[in-house]
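Only one structure is covered here, and it is reproduced in the block below.
None of the figures in this text is laboratory data; all of them are computed from the coordinates on show. Quantities reported herein were computed from a predicted structural model and do not represent experimental measurements. We place every Cβ from the backbone using ideal geometry, glycine too, and count neighbours over all the protein chains shown.
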Amino acid sequence: MILPGPLDTSVQAAAAALRRGDLLGLPTETVYGLAADADNDAAVAAIFAAKGRPSDHPLIVHVAEAEAIDHFAHSVPAWARALAQAFWPGPLTLILPRRADRAAAAAGGQASVGVRCPSHPVAQAVLRACAHPPAGERVVWGLAAPSANRFGRVSPTTAAHVRDELGDALLVLDGGACDVGIESTIIDCTRSVPVLLRPGAITRAQIEAVCGMAPRSPDEVAEGATPRASGTLESHYAPTARVRLMDAKALQTGLDLLGSDAAHLAIYARSPIKARSARVLVRRMPDDAGSTARQLFATLRALDAEEVKLIWIETPPDTPEWEGVRDRLRRAAS
Ligand code: TXA
Ligand code: MG
């Protein structure tokens, strides 16, 4: 069931459901999440079951404010607090050493926990209602929430996408289309230096400017086991159609070869592309990375719904602001 997210009655109903251990489709500024009380292991188990996700893949815990870090984490480095201070509420997840008795199932058994404070007003309202309940009711300190898609599929960026993925029995708050459109930047803060586990709207340069250290990539810091991150699996965020990435020239050449026979094919490109067959769907990719991120998953979903067999996508520019979009496209194509 989809309820209008901004209404206070919806927020209160959602918070009550979460306190009972039920699941909620929650809008955030990045993508929609499938949320449950992070300290309720049975509720968290229901998330893994609904998604069809292996239960050793850790979930991100969403909090109302930075102070809640200390409920879930310990030994937080000063530079990690500086990142929270600079970018929260917002699309940044920090991986921190986990307090042994907190969010165990949500963390998938890891000794670490991912924490994020989202900026979406509906997410904020629900998190605050959870953290400050009516007298006598259970305090919910954080909401474990992976993206509200089935495992391996494209993340939802509207309430209707969540219903399409997980069914109408789930309570979903409608917070409109997500502003950022791709998942949060993830920084591992459990080592002496920041490690970028997943690129997103917040760039390496922004991280470096705040903590004074350039984020490393996971393979540069091979000491110790790298935590399992399903967002870092090679094939992820995949639509049903096969996705190919290529430059504009290769794309045009391929189309010219197929000529008027081309069918069951969609193009998503920034450069002007000419198809000789009217059965080829051509979608224009915006010129800037932010607008492309905002519409990326909805575009892949819409093309999938047209039942095309192939989606050819023009490789985005190799510049820092496109890193998050390039990453999701590379995974969709593998
Ligand atoms: O923007 C987002 O981050 C969205 C919204 C809903 O907040 N959430 C999201 O969650 O993308 P999910 O579960 O689809 O992706 C979270 C990623 C996964 O790749 C997971 O493995 C990784 O974060 N992660 C979570 N906790 C971790 C931990 N303790 N150590 C390493 N990776 C972790
Ligand atoms: Mg996901």
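Quick notes on this one:
- Eligible lysines near K249 by straight Cα distance, threshold 18 Å, same-chain separation 8 or greater: K274
- The C-alpha atoms of the chain define a longest principal axis, and helix 323-333 lies at about 70 degrees to it.
- Of the residues E307, E65, E323, the one that moves most in a GNM of the chain with alpha-carbon contacts below 10 Å is E307.
- Per residue, the chain reaches -9500 deg cm²/dmol at 222 nm when only DSSP H runs of four or more residues are counted, each adding -39500 (n - 2.57).
- Taking the C-alpha atoms only, the angle from helix 248-258 to the longest principal axis of the chain is near 50 degrees.
- Ordering 53-59, 170-176, 252-258 by mean Cβ neighbour count within 10 Å, with the highest value first, yields 170-176, 53-59, 252-258.
- Pairwise FRET efficiency - T253 versus R81, Cβ, R0 = 51 Å, nearest 0.05: 0.50
- Space enclosed by the convex hull of the alpha-carbon atoms of the chain, per residue, Å³: 125 Å³
- Take every pair of alpha-carbon atoms less than 8 Å apart whose residues are at least six positions apart; their mean separation over the length of the chain yields a relative contact order of 20 percent.
- Residue by residue, segment 197-206 carries 3J(HN,Hα) couplings of 8, 8, x, x, 5, 7, 8, 3, 5, 5 Hz when phi is fed to the Karplus relation 6.51 cos²θ - 1.76 cosθ + 1.60 (θ = phi - 60°); x denotes Gly or Pro.
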